[in-house]
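Notes for the one structure printed next.
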Amino acid sequence: MRRTIYHGSKRIVSHPSFGTGISSNDFGLGFYCTDNIRLAAEWAAGRQADGFINIYSIETDGLRIINLNSPEYCILHWLAVLLNHREFDAVSSQVYQAKDYIRTKFRVEYQNCDCLIGFRADNSNFMFAQDFLDGRISYREFNNSVRLGDTGRQFVLKSNRAFDRLIYEGYETARFAEYYPAAVTRDRSSRYKSFVPKEVCPIYINDIISENIMPYDSRL
């Protein structure tokens, strides 16, 4: 299957390099793209400067792709990957315990995959994750807020094999006057909306740990 993906950036990236980048990004080292051109434009545009939507095509047949948004995974699998790379505040031993539990019980073997698909941990989603670890929101609130927040999913190239298949198709300009306000509005909308109806029996991180809730538990 050939698919089109986009990389929002402050510069034109015609030849992405394998092994470069920032290891503290959401899913570690990799080339971060999306299949949504508007989101790429919002991620590219600065407060007072235009950005670039770099356009690529990639043949994905034969690649090992892990899609954290697929039914076989829950939002805690996404969080487990995130915890391997992003720094969260740990103000109590409870939060340390929560992080260790999620990393261990919801571990994803993604180190040898070619591509990884998952939600972007922007300001809103990172805040939701922190609030969940702190016990301020329930599992359902966390799950629905991330999934329904419309902040976009990332398509991340993780292997040399994936980079070899990437074909640069050109670029478009992301005008800051249009796309920076759109990005701010999207983030604020996701952050302050309530996506969860009143729960009868909410499950919090302490419940997940104390009841030893595992992946594929019907309560998740």
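A few notes on this one:
- Rounded to 10°, Cα long-axis angle of helix 93-105 versus longest principal axis of the chain: 70
- The range 1-78: equivalent-ellipsoid semi-axes (sqrt of 5 x gyration tensor eigenvalues, Cα, Å): 23, 16, 14
- With θ taken as phi - 60° and the Karplus curve 6.51 cos²θ - 1.76 cosθ + 1.60 applied, the whole-hertz 3J(HN,Hα) list for the range 11-22 is 9, 7, 10, 8, 9, x, 10, 5, x, 9, x, 10 Hz, x standing for glycine and proline.
- Distant-in-sequence amide contacts of Leu166, defined by a placed amide H-H separation under 5 Å and a gap of 5 or more residues or a different chain, comprise nothing.
- Order of Cys33, Cys113, Cys201 - criterion: other Cβ atoms within 10 Å of each residue's Cβ, fewest first: Cys201, Cys113, Cys33
- Once backbone amide H atoms are built at 1.01 Å from N, Thr173 has Ile53 as its partners under 5 Å, excluding neighbours fewer than 5 places away on the same chain.
- Structural descriptor for the chain: relative contact order 29 percent, calculated from alpha carbon pairs under 8 angstrom and at least 6 residues apart.
- Mean residue ellipticity at 222 nm, helices only, the chain: -10500 deg cm²/dmol; runs of at least 4 DSSP H residues each add -39,500 (n - 2.57), and the sum is divided by the number of residues.
- The chain - charge dipole about Cα centre, Lys and Arg +1 at Cβ, Asp and Glu -1, debye rounded to 20: 220
- In the chain the Cα-Cα distances spread across 10 Å bins starting at 0 as 8, 31, 34, 20, 6, 0 percent of all pairs.
- Amide H partners (placed H, <5 Å) of Gly30, local residues excluded: Ile22
- Backbone geometry of the range 35-49 corresponds, through the Karplus equation with coefficients 6.51, -1.76 and 1.60 at θ = phi - 60°, to 3J(HN,Hα) couplings of 8, 10, 5, 5, 5, 4, 5, 5, 6, 8, 6, x, 5, 9, 9 Hz, x marking Gly and Pro.
- Integer Hz, Karplus 6.51/-1.76/1.60 couplings in order for the range 64-70, x for Gly and Pro: 8, 10, 9, 9, 5, 8, 6
- Positive-pole candidate from Ala40, Tyr168, Trp78, dipole of the range 2-210, charges at beta carbon: Ala40
Any read-out appearing in this document is the output of simple, stated calculations on the displayed coordinates, not a laboratory observation. Small disclaimer: the values here were computed from a predicted structure and weren't measured. Here the Cβ is made from the backbone with ideal geometry for all residues, glycine too, and neighbour counts use every protein chain on show.
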